[in-house]
1. Report the one residue of GLN248, SER261, GLN69 whose Cα lies farthest in the direction of the positive end of the charge dipole of the chain (charges on C-beta: Lys and Arg +1, Asp and Glu -1; origin at the Cα centre).
2. Could you tell me which of rounded, prolate or oblate describes the stretch 204-260, using a ≥ b ≥ c as the square roots of the eigenvalues of the alpha-carbon gyration tensor, with rounded for a/c under 1.5 and, failing that, prolate when a/b is larger than b/c and oblate otherwise?
3. For the stretch 204-260, give the share of DSSP beta bridges that are antiparallel, in percent and rounded to the nearest 5; count only bridges with both residues there.
4. Tally the DSSP beta bridges in the chain and give the antiparallel ones as a percent, rounded to 5.
5. Mind ordering 48-54, 308-314 by average Cβ neighbours within 10 Å, highest first?
6. Where the centre of each part is set by its Cα atoms, how far does the stretch 295-342 sit from the stretch 182-244, in angstrom?
7. How much of the DSSP beta bridge set in the stretch 203-351 is antiparallel, as a percent to the nearest 5?
8. Quick check on the chain: take the gyration tensor over C-alpha atoms, sort the square-rooted eigenvalues as a ≥ b ≥ c, and tell me if it's rounded (a/c under 1.5), prolate or oblate.
Amino acid sequence: MKTVDEIYEEMLACFEEKTGADLGESCDLAVRLYAAASQIYALYVQADWVARQAFPQTAEGDYLDLHAQLRSLERKQPTSSVGVLRFLADTAQESDRDIPLGTVCMTAGLVRFETTQAAVLKAGDTQVDVPAQALLPGSAGNVAAHAVVSMATAPVGIRSCDNPSPFLGGSDGESDQELRVRILDTFLRLPNGANAAFYEQGALSFDQVAAASVLPRNRGVGTVDVVVATGSGQPDEELLEELEEYFQSRREIAVDVKVLSPEPLSLTVSVQVKAAQGQDPETVCTGVKNAIQAWFSGERLGQDVLLAQLGSLIYGCEGVANYRILSPAADVAVDPDQLPALSSITVGVMS
């Protein structure tokens, strides 16, 4: 694209060629020509911007959304992380204690979570686990185990709270680049209402779905199984029913479609790390553990667990100078309907 000065110089040269007069820099006409050059440059910029928005490879924001609509796609919205809150009492009591729906707990960084159902701490018990989700959608709600440390308002008889496992599944919504990949994929794999691309792209259009696998003829001729995973791993029954209804209204004639949860593939991960000079080994180990736990999300559906990927993840954590993977001992092959999930994880200091 030409600069303002280049346009201005061309205008001066053209003027001199046509009139034979050499304009001085301070004359009124030279100033007017420079102002005109600036406006012409603005038109170049506008034309370049319009050209970028005309194609899905370079469009941005709302204009990329319009390209998505032409391919029957919509940008995924942010989702909230889900997990479990544990409420603890000092001593067991002879009467039940209620944990109201919507009880809010927080991390030290004031990331808030609320219970998604009412619960009761039974008489004689000192703790109860309650399903919960982040109060606000977004990846900020993905926190490590034991990160929740306080309650906004403590229920009667409850002393403290905790999250025994990480909160996972929160996403910030689909970025331009992520949406662009999905749009271009509809050109590379044209969905025709009957192929695997049709079912996979349809499943991925749901905000909660992080990954999908399509198994044609899995139960015989004329059957299609769609396996879906959410950011936190296993989808709930409500999502499965919603997807089932979606595909039943769009499937081809005489095809039996089922939407299924993935089969968990339990893995034990054990690693040792060496902290870089000046780094606290315990802090480095905690960071590696959190990174590995976050990596084993629903996006791993049907993907092999490769030691090279795991090692790259560990080495990329802040403060890691070296590492050793003790388990798994080799790459783990994963079937399309399987979701790798951590059964246990141990991160120790390399001797």
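Each value in this text was obtained by applying a stated rule to the coordinates, not by laboratory testing. Computed from a prediction, not measured in an experiment: that's the story for all the values here. No Cβ is skipped: glycine too gets one built from the backbone with ideal geometry, and neighbour counts run over all protein chains shown.
1. Working it through, the farthest residue towards the positive pole turns out to be SER261.
2. Since a/c reaches 1.5 and a/b is larger than b/c, the shape of the stretch 204-260 is classed as prolate.
3. 55 percent
4. 70 percent
5. Values: 48-54: 12.0, 308-314: 14.9.
Peptide ranking by packing, descending: 308-314, 48-54.
6. 24 Å
7. Bridges in the stretch 203-351 that DSSP calls antiparallel: roughly 45 percent.
8. Because a/c hits 1.5 or more and a/b exceeds b/c, the chain counts as prolate.
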